[in-house]
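K.L.:
The structure is given below, and queries will be raised subsequently.
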Amino acid sequence: MPKKVHHVVRRTGTRLEDPIIEIPVAEDIAGVPGIPQIEKDVSFYSREYPLETQNIEKAADREWSWSVYTPEVFEYRELHEKANAPFVEAAATTGDIEPTVEPVGRDITEDIRRKSYELGFGDVGFTRYDRRYAFASKKRWVKFQGAICVALEQDYAQTQSLPSLEAEYAHFGTYETENEQCLALADFIRSFGYHAQVHSPNDNSAPFLPMFVEAGMGQLGANGQLLSPHFGSRARLAIITTDAPLTYDEPVDYGVHKFCQECLVCSDRCPARAITRDKVWYRGVEKNKLIYDRCRPVMSTYEGCAVCMKVCPIQRYGMKPVMDHWVEMGEVLGKGTDNLEGFSIREKGYFGPGELPSFDRSMFEFPKGTKDEWLFAQFKEKVDDGEGPTAEETSAFLTELKEILAKGTTTIGDE
Ligand code: SF4
Ligand code: SF4
């Protein structure tokens, strides 16, 4: 017998002229709009333990990643970084550009929405930029209060080949396009007399996902990704902040928060066992937690991995078919089938439902923290082991430390 429907979410399609899509949310997975959170805890952690960008906090492993890429991935990543760098650099200073006309003095939300679709974005939403999520090193950089959240879909077919070089083309190619589109959208906003600051997806000012959820553009999946009603976890996210008058959207309950606990395919299929099955409260938010130190080496070694993206039924089949199926059949569409759960890993082979690759312990030994922290940790290990350090090693350590500090501890790039 079909389940009782609690409410139906109505969303515009991925183009303005598309028909409205209707997503039923069954009674047993209805929850709260957005994400369960304790506001005072979110504020506390933001104030006392502000987040920091991985470009700084995880700079050691980001640099190390390049040493485990295959030659093909290495070559492609170099090409991508070269092609993408001008966009990322341009975005960094967009907040300083003055509009050349006087402000039109009216709400321009619908103008921006229309232009976003024209530029090729598949979804757009509006909310307040939540400074509680801003990275410590970016708090002063963020200038304006209104946040325009734009989502660009990465290619469907290439995504289904994850993990693969083909899928990396989709992943990084989408960022190149998105950066360019964001710069164009910022120009458009300035033509109304308002400022526009582009927050590149490759030099984030914050985790963008909470603001996308607040703008009603999806909910947080157990895989740690935005589950968009249009592209599941295939959405690549960017934000533009502005002082233009905007009308903000509201968070939505798509039923994802509870549905994930019925599904858990991403957690079961993660080759690194890096996604917790149970939800935990973390920094004031209830969610399944990704264990970074388990994910990172597998992701870097195996073409970005992202099995957790590939096997998500909402990514593979779309949110509406998945939620329709849940209402009608009480099952997670595709769960337990090779079609959804199967994946291949280079040199390890194919893994169907119930099968996972195994890795040596050495897979999970990799540089941690910032570059200077990692260098210091290695030096300290030598001291603790009573192995040294020799005068030459001490001198080499100091020279390298000096170089790191002179160059800066940041590694700009994308994941
Ligand atoms: S990227 Fe791979 S290793 Fe990391 S969480 Fe996803 S499935 Fe697991
Ligand atoms: S695979 Fe299932 S549990 Fe994981 S994010 Fe997708 S819907 Fe949620």
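K.L.:
Being in contact with a helix residue (DSSP H, G or I) (Cβ under 8 Å, 6 or more places away or on another chain) and near ligand 2 (Cβ under 10 Å from one of its atoms): is that true of residue 222 here?
P.N.:
In short, yes.
Let's see how each residue does on (1) under 16 Å from residue 263 (Cβ atoms); (2) under 21 Å from the mean Cα position of the chain (by Cα):
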{"site": "283", "(1), (2)": "no, yes"}
{"site": "291", "(1), (2)": "no, yes"}
{"site": "311", "(1), (2)": "yes, yes"}
{"site": "330", "(1), (2)": "yes, no"}
{"site": "336", "(1), (2)": "yes, no"}
{"site": "349", "(1), (2)": "no, no"}
{"site": "357", "(1), (2)": "no, no"}
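K.L.:
Report whether or not residue 153 is within 15 Å of the chain's Cα centre (by Cα), surrounded by 16 or more Cβ atoms within 10 Å (Cβ to Cβ) and more than 23 Å from residue 116 (Cα to Cα).
P.N.:
No.
K.L.:
I've got another one for you. Tell me which residues, restricted to the range 95-125, are more than 18 Å from the chain's Cα centre (by Cα) and of a type in the set (Phe, Trp, Tyr).
P.N.:
Residue satisfying the conditions is 117 alone.
K.L.:
Follow-up. If a residue counts only when it is hydroxyl-bearing (Ser, Thr, Tyr) and more than 16 Å from ligand 1 (Cβ to nearest atom), which helices (runs of 4 or more DSSP H) contained entirely in the range 88-203 have at least 3 such residues?
P.N.:
Qualifying helices (runs of 4 or more DSSP H): 109-119, 165-190.
K.L.:
Against the condition in contact (Cβ under 8 Å) with a residue 60 or more places away in the chain, on the phi > 0 side of the Ramachandran plot and in contact with a helix residue (DSSP H, G or I) (Cβ under 7 Å, 6 or more places away or on another chain), how does residue 232 come out, does it pass?
P.N.:
Against the criterion (in contact (Cβ under 8 Å) with a residue 60 or more places away in the chain, on the phi > 0 side of the Ramachandran plot and in contact with a helix residue (DSSP H, G or I) (Cβ under 7 Å, 6 or more places away or on another chain)), residue 232 qualifies.
K.L.:
Shifting gears a bit: Within the range 266-278, can one find any residue that is among the hydrophobic types (A, V, I, L, M, F, W, C), within 14 Å of ligand 1 (Cβ to nearest atom) and over 18 Å from the mean Cα position of the chain (by Cα)?
P.N.:
yes
K.L.:
I've got another one for you. Taking the residues in the range 284-300 that are in a helix (DSSP H, G or I) and crowded, with 17+ Cβ neighbours inside 10 Å as candidates, determine which candidate is nearest to ligand 2 (Cβ to nearest atom).
P.N.:
Per the stated criteria, the residue is 295.
K.L.:
Within 16 Å of ligand 1 (Cβ to nearest atom), in a loop (DSSP other than H, G, I, E, B) and of a type in the set (S, T, N, Q), is that true of residue 223?
P.N.:
Answer is yes for this residue.
Every number here is computed from the coordinates shown, using simple stated rules; none is lab data. Source: prediction; values computed, not measured. FYI the Cβ positions are ideal-geometry reconstructions off the backbone, even for glycines, and counts take in every protein chain you see.
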